[in-house]
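Since the structure comes first, as structure tokens, the remarks are kept for the end.
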Amino acid sequence: MKKVNILLLVALLQTFVVSLTKGQDTTKCDGSCCRRPDDLAPAGIMVDHVHEKGRFGIAYMYMNMAMQGNQSGTSSVSDNQVFANYMMAPNKMNMQMHMLMPMYGITDRLTAMAMINYNINTMSMDMMPMSTMMNMPGMVMTSSMANMPTNMKSSGLGDTKLYLLYNFLSSCNQRLVVCAGVSLPTGSINVKGTTMEGANSIMSYCMQLGTGTYNLLPSVVYAKQFNHLSFGVAFQSNIKLGVNSHNYCLGNEYSFSPWAAYKVASWASISLRAEGYYMGAMYGYDNGINQTANSDPTANAYNYGSKKLINGLVGVNLYAPKSCFKGLHLLVECGTPLYQNLAGRPFPSTITPYQEFQMPTKWTLTARLQYNF
């Protein structure tokens, strides 16, 4: 009931904002600002613009994040260090998202948008050498240990996101877009596979397809254009509302992103963006996921969250001003972390000595194809 009340409050606040600006929901534009390659923010910023009244838009976006190795805080960790507590050490992980985003302009300033996700997660693991395992005091080899998979995969529908975006500025060459969004738990948190618990067991948290919780997605984006140069700044967040049906919730997420773009031609611009990202520690844990020292770090809830990242990203926006492709945008952005501090949640003194391990990000790629009707 509490979740329903919060969601209703968000909807009422959005309605109140729109009612305050009733009669002023028009934006005069001569086309010079909205028919250029940098009229959209870099590909990684998805809630930066609105559509004219009655206009539809559709976008397909692909995101890929690659992780490799292990890290504790700001220090790299070897497999042997992981094997001091766990039988498996994560090697590589790849998280892909395919997103379909329909949009509709309710007024010249208010736009509704949905985001439907399909996720594909793959992870490879390194297993403790058998000779080491057999020499561990009290260790008894079982058939499940001997047949542990070193490659895992999960795929399916992710959480669905719904947004209302409102532009508070009527100027043609600048905008202040405030977004009220909600994430619906349509992604599964019951994905199963072969783990150290055996076949058809619940996989670790990072292999699940959704959060299992209703989440608020408020954001604010400001952007301004000059003759050839444009710049902007975005604040985005993902706030979890309570725990899911498995008695845990992922940490809240916050990001701050300034960027600058330069129009090199009527059909192309390049951009540089910095991003500061923080994710809070995970709360609770799933009783169905093995969290003992005989498992792997990704199955332990203490190895999630408390992430602090500074990312550097470079992008290109392409725009078709003429021909049958007129109005089509292609945006591509790739980046890598410049700083990573992966702390996790401190282990209780009753189960020390443990060290928090997480997989660091190596690179990200985002590509978006967008067409406005």
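The values are calculated or read from the model by the stated rules, or taken from the named source; none is laboratory data. Source: prediction; values computed, not measured. Cβ: placed from backbone, ideal geometry, glycine included. Neighbour counts: every protein chain shown.
With crowded, with 17+ Cβ neighbours inside 10 Å and over 20 Å from Tyr285 (Cα atoms) as the only criterion, which of Tyr205, Tyr222, Tyr254 stands out?
Just one listed residue meets the conditions, Tyr222.
Tally up the residues in region 311-336 that are in contact with a Pro (Cβ under 7 Å, 6 or more places away or on another chain) and more than 21 Å from Ala268 (Cα to Cα), please.
Number of matching residues: 1.
Among the residues of region 265-323, write down those that are more than 18 Å from the chain's Cα centre (by Cα), of a type in the set (S, T, N, Q) and at pLDDT 95 or above.
Listed by number, the residues that qualify are Ser269, Ser271, Asn317.
Any chance you could count how many residues in region 57-105 are at pLDDT below 95, among the aromatic types (Phe, Trp, Tyr) and surrounded by fewer than 19 Cβ atoms within 10 Å (Cβ to Cβ)?
So the count comes out to 1.
I'd like to check something: does region 258-273 contain any residue that is within 30 Å of Gln358 (Cα to Cα), surrounded by fewer than 16 Cβ atoms within 10 Å (Cβ to Cβ) and basic (Lys, Arg)?
Within region 258-273, not a single residue is within 30 Å of Gln358 (Cα to Cα), surrounded by fewer than 16 Cβ atoms within 10 Å (Cβ to Cβ) and basic (Lys, Arg).
Specify the residue that is surrounded by the most Cβ atoms within 10 Å (Cβ to Cβ); the eligible residues are those in region 274-301 that are free of Cβ contacts under 8 Å to residues at least 40 places away in the same chain and in contact with a helix residue (DSSP H, G or I) (Cβ under 7 Å, 6 or more places away or on another chain).
Here the answer is Tyr285.
Here is a list of conditions, (1) closer than 22 Å to Ala66 by Cβ; (2) modelled with pLDDT under 95; (3) not aliphatic (A, V, I, L, M), and Thr352 meets all of them except one; can you say which number that is?
Answer for Thr352: the failing condition is (1).
For region 233-251, give me the residue count where each residue is buried (at least 16 other Cβ atoms within 10 Å of the Cβ) and either at positive phi or among the basic types (Lys, Arg) (or both).
Count: 1.
Scan (1) over 30 Å from Lys192 (Cα atoms); (2) in contact with a strand residue (DSSP E or B) (Cβ under 6 Å, 6 or more places away or on another chain); (3) at pLDDT below 95 for the single condition Met46 breaks and write down its number.
Only one criterion is unmet by Met46, namely (2).
Results for (1) surrounded by fewer than 17 Cβ atoms within 10 Å (Cβ to Cβ); (2) part of a loop (DSSP other than H, G, I, E, B), shown as yes or no for each residue.
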| position | (1), (2) |
| --- | --- |
| Ser155 | yes, no |
| Tyr163 | no, no |
| Ser170 | yes, yes |
| Val178 | no, no |
| Ile189 | no, yes |
| Ala199 | yes, no |
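So, in region 50-71, exactly how many residues are out of contact with any Asp or Glu (no Cβ under 8 Å at 6 or more places or on another chain), assigned to a strand (DSSP E or B) and closer than 18 Å to Tyr304 by Cβ?
4
Being basic (Lys, Arg) and closer than 30 Å to Ile202 by Cβ narrows it down to one residue among Lys362, Lys326; which is it?
Lys362
How many residues are at pLDDT 95 or above, assigned to a strand (DSSP E or B) and among the β-branched types (Val, Ile, Thr) when one looks only at region 201-225?
Adding up the residues that qualify gives 2.
With the requirement that a residue be hydroxyl-bearing (Ser, Thr, Tyr) and under 29 Å from Asn119 (Cβ atoms), what does region 210-266 give you?
Of everything in region 210-266, those that are hydroxyl-bearing (Ser, Thr, Tyr) and under 29 Å from Asn119 (Cβ atoms) turn out to be Thr211, Thr213, Tyr214, Ser219, Ser237, Ser245, Tyr248, Tyr254, Ser255, Ser257.
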